[in-house]
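S.K.: Please find one structure pasted underneath; my questions will follow.
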Amino acid sequence: MRVSVVIPALDEERHLGACLASVLQALDLVGGGEVLVVDGSSTDGTVRIVEDYAARCPAVQLVRNPRRVTPAAFNIGVRKATSARIAIVSAHSRLEPEFFAAALRALDAGEADIVGGPVRTEPGGDSTMAWLLARVVSHPFGVGNSRFRVSTERAYVDAVPFAVFRREVFDRVGLFNEGLVRNQDTEFFGRVKAAGFRVLLDPAVRSVYRARGTLGGLMRQGFLNAYWNVLVWRRTPHAFQWRHAVPAVFTTTLIALAALALGWKMAGWALAALLAVYLTAALLASVQIGMQFRRLTPLVLPPIFLAYHFTYGLGSIAGLRRLASSREHAGV
């Protein structure tokens, strides 16, 4: 068996069918494999979709995840996998046909220990706002140097979201931390980096991901990702990336200048200057996006960029406060 595919799922009725179809198509090109859909007690039609696929394709299996959290699903799937090559795929994603073939070529050639590729972000809905939000999380101004989102160059990177792993990676660094409700992959790749394993971004290993479709959904995702990133850094310092910290510095500076401006005129000028520089950079990014897609709509992106970065920064600040509070209670 060439590859075992682990797909965590919880109420993924809208996306799982397309994901499974793409996974099975990609497996056909490498001689097949097994697909383990690890369900966390879904209440929609997720289980029915898996059962329908399993009735037609014995490679698809439904596995239960009583803990209902993502890292537990990852670990259940990895433990149950029977292949020496294990892939982890999001139910929100679709794989291109060459995904496994390209990844296995790189692994079999000894070029890397983990292989993933660029992720093309699709809107999470049909609205103009959904389209704009997809642009926010797929442009360097929105997400920094997150290579799998903004680059198609073959390179060794710190992490990839959907990838094929050599089983030896899990044997050596362990499984995912089930105490982390979110960002468990960030913590895992921090341990991967510390162990010296190689993570390859291969442009032939392509996939598509559907972004959050509402502004509130994206803000909530950004806040929680930032919050849990801070907790991850304490557990695994190797997981730290500057792109995760920049919004916290930006948000803290904005809040501090706004507070100082109440009694200090120079702080008000500094706040205005900072916002002017930020919004100019955001406008330039928006113009670039507009030219790329030949649309005027991206010109409204600057305040959306600002809301996303500010909310992400608030999440980091909340995470730092949580750490400080836990240290005080521990007497550190």
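The values are calculated or read from the model by the stated rules, or taken from the named source; none is laboratory data. It should be emphasised that the depicted structure is a prediction, and the values quoted were computed from it without experimental measurement. Neighbour counts run over all protein chains shown; Cβ positions are idealised from the backbone, glycine included.
S.K.: Restricting the search to the stretch 174-217, which residues are among the aliphatic types (A, V, I, L, M) and touching a residue at least 60 places away in the same chain (Cβ under 8 Å)?
M.R.: Across the stretch 174-217, the qualifying residues are 175, 180, 181, 192, 199, 200, 201, 204, 205, 208, 211, 215.
S.K.: Quick one: which residue in 91, 55 is surrounded by fewer than 21 Cβ atoms within 10 Å (Cβ to Cβ) and in the same structural domain as residue 170 (by TED's automatic domain parsing)?
M.R.: 55
S.K.: Have a look at 135, 182, 212 and point out the one that is assigned to a loop (DSSP other than H, G, I, E, B), crowded, with 20+ Cβ neighbours inside 10 Å and either in the same structural domain as residue 290 (by TED's automatic domain parsing) or not aliphatic (A, V, I, L, M) (or both).
M.R.: 212
S.K.: What's the number of the only condition in (1) touching a residue at least 24 places away in the same chain (Cβ under 8 Å); (2) closer than 21 Å to residue 158 by Cα that residue 24 fails to meet?
M.R.: (2)
S.K.: Just one of 91, 106 is touching a Leu at 6+ places or on another chain (Cβ under 9 Å) and within 27 Å of residue 212 (Cα to Cα); which is it?
M.R.: 91
S.K.: Is it the case that some residue within the stretch 221-240 is touching a helix residue (DSSP H, G or I) at 6+ places or on another chain (Cβ under 8 Å), outside the structural domain of residue 158 (by TED's automatic domain parsing), of a type outside the set (Val, Ile, Thr) and more than 30 Å from residue 174 (Cα to Cα)?
M.R.: no
S.K.: Pick out the one residue from 218, 175, 224 that is in a helix (DSSP H, G or I) and surrounded by fewer than 19 Cβ atoms within 10 Å (Cβ to Cβ).
M.R.: Step by step, each of 218, 175, 224 is checked, and only 224 is in a helix (DSSP H, G or I) and surrounded by fewer than 19 Cβ atoms within 10 Å (Cβ to Cβ).
S.K.: Now for a different question. Restrict the check to the stretch 181-190 and report whether at least one residue is at pLDDT 95 or above and small (Gly, Ala, Ser).
M.R.: Checking the stretch 181-190: not a single residue is at pLDDT 95 or above and small (Gly, Ala, Ser).
S.K.: Next question, about the same structure. Give the residues of the stretch 82-95 that are within 18 Å of the chain's Cα centre (by Cα) and part of a loop (DSSP other than H, G, I, E, B), sorted by residue number.
M.R.: Matches in the stretch 82-95: 89, 90, 91, 92.
S.K.: Given the condition assigned to a helix (DSSP H, G or I) and in contact with a Gly (Cβ under 8 Å, 6 or more places away or on another chain), answer yes or no: does some residue in the stretch 315-331 qualify?
M.R.: yes
S.K.: Here's something else I'd like to know. Return the total of residues in the stretch 41-65 being touching a strand residue (DSSP E or B) at 6+ places or on another chain (Cβ under 7 Å) and either among the hydroxyl-bearing types (Ser, Thr, Tyr) or in contact (Cβ under 8 Å) with a residue 24 or more places away in the chain (or both).
M.R.: Matching residues across the stretch 41-65 total 11.
S.K.: Quick test of your reading of the structure: residue 161 fulfils all but one of (1) at pLDDT 95 or above; (2) surrounded by fewer than 20 Cβ atoms within 10 Å (Cβ to Cβ); (3) out of contact with any Leu (no Cβ under 7 Å at 6 or more places or on another chain); (4) of a type outside the set (D, E, K, R). Name the failing condition by number.
M.R.: Failing condition for residue 161: (1).
S.K.: All but one of (1) in a loop (DSSP other than H, G, I, E, B); (2) in contact with a strand residue (DSSP E or B) (Cβ under 6 Å, 6 or more places away or on another chain) hold for residue 2; state the number of the condition that does not hold.
M.R.: (2)
S.K.: Next question. Which of the residues that make up the stretch 117-132 are assigned to a loop (DSSP other than H, G, I, E, B) and either in contact (Cβ under 8 Å) with a residue 12 or more places away in the chain or assigned by TED's automatic domain parsing to the domain that holds residue 282 (or both)?
M.R.: Within the stretch 117-132, 117, 118, 123, 124, 125, 127 meet the criteria.
S.K.: Please enumerate the residues belonging to the stretch 243-274 that are without any contact (Cβ under 8 Å) to a residue 12 or more places away in the chain, closer than 22 Å to residue 307 by Cβ and part of a helix (DSSP H, G or I).
M.R.: Listed by number, the residues that qualify are 255, 256, 259, 268, 272, 273.
S.K.: Answer with yes or no whether residue 141 is of a type outside the set (Gly, Ala, Ser), in a helix (DSSP H, G or I), buried (at least 18 other Cβ atoms within 10 Å of the Cβ) and not assigned by TED's automatic domain parsing to the domain that holds residue 288.
M.R.: Yes, satisfied.
S.K.: Moving to a separate point now. Would a scan of the stretch 276-295 turn up a residue that is without any contact (Cβ under 8 Å) to a residue 24 or more places away in the chain, in a loop (DSSP other than H, G, I, E, B) and within 29 Å of residue 121 (Cα to Cα)?
M.R.: Looking for residues that are without any contact (Cβ under 8 Å) to a residue 24 or more places away in the chain, in a loop (DSSP other than H, G, I, E, B) and within 29 Å of residue 121 (Cα to Cα), one finds at least one in the stretch 276-295, hence yes.
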